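Read the structure below first, then the notes.
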Amino acid sequence: MSSRQRPRASSESPRTNAPPRSPAPTGLAAPPNPARIPLYVGLVVLGAAVGLAGTLVQAALFPGGLLLALAASAGLFYGGRMLTGTQLGALVPAVGWFISVVLLLGGRPEGDYVFGEELGLALFLLGGMAVAVMCATMSRLPFQANDTGRPGT
């Protein structure tokens, strides 16, 4: 026998009587990944920027600006979800978005505020929160993005 075809030692053979392993925790039960912390901080900052820009656009160009602002929010929330592969990836930019919008709601001491009218304000807040919830609770894709789903390709 050559050295490449030597029989396996008994310690190298697979154990057939081993107890089944419990699956690794996923989602919020998984141990935190320190490499994702800068990514989540960046998503919070992007969420705040999209909230600020959306507030200005929806107030200036109603109703087209409202649709544009909601589309930008949806793109960020969905992009965060796909980038991280977790529900937290959609919720983190939504937190930044929500904080910036609520801070802009406070107004100024003179009494005026950024939002143009009450209808635009209500639609922007409710629409943005609904989009964030939809992106966070959507089901996962059955295959990876680069997988065609066909075996052998």
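What FRET efficiency do you get for L119 and A71 if R0 is 22 Å and r is their Cβ-Cβ distance, rounded to the nearest 0.05? Walk me through the numbers before you get to the answer.
On the way: r = 18 Å, r/R0 = 0.84.
Calculated value: 0.75.
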Check your understanding: What accessible surface, in Å², does a 1.4 Å probe find on S73, ignoring ligands, DNA and RNA and rounding to the nearest 10?
Key -> 0 Å²
**Study point:** Accessible surface ranking that places the most exposed of V131, V45, V101 first, with a 1.4 angstrom probe
**Key:** V45, V131, V101
Exercise for review: Could I have the simple spin-label model distance between N17 and S139, label points 7 Å from Cα toward Cβ, reported in nm to one decimal?
Suggested key: 4.2 nm
Study note, to complete from the structure: With R₀ set to 22 angstrom, the calculated FRET efficiency between the beta-carbons of M82 and L56, to the nearest 0.05, is 0.25
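The values are calculated or read from the model by the stated rules, or taken from the named source; none is laboratory data. Fair warning: this is a prediction, and the values are worked out from it, not measured in the lab. We place every Cβ from the backbone using ideal geometry, glycine too, and count neighbours over all the protein chains shown. Side chains are part of the model used for accessible areas, which takes the heavy atoms of the whole protein and leaves out ligands, DNA and RNA. Shrake-Rupley method; radii C 1.70, N 1.55, O 1.52, S 1.80 Å.
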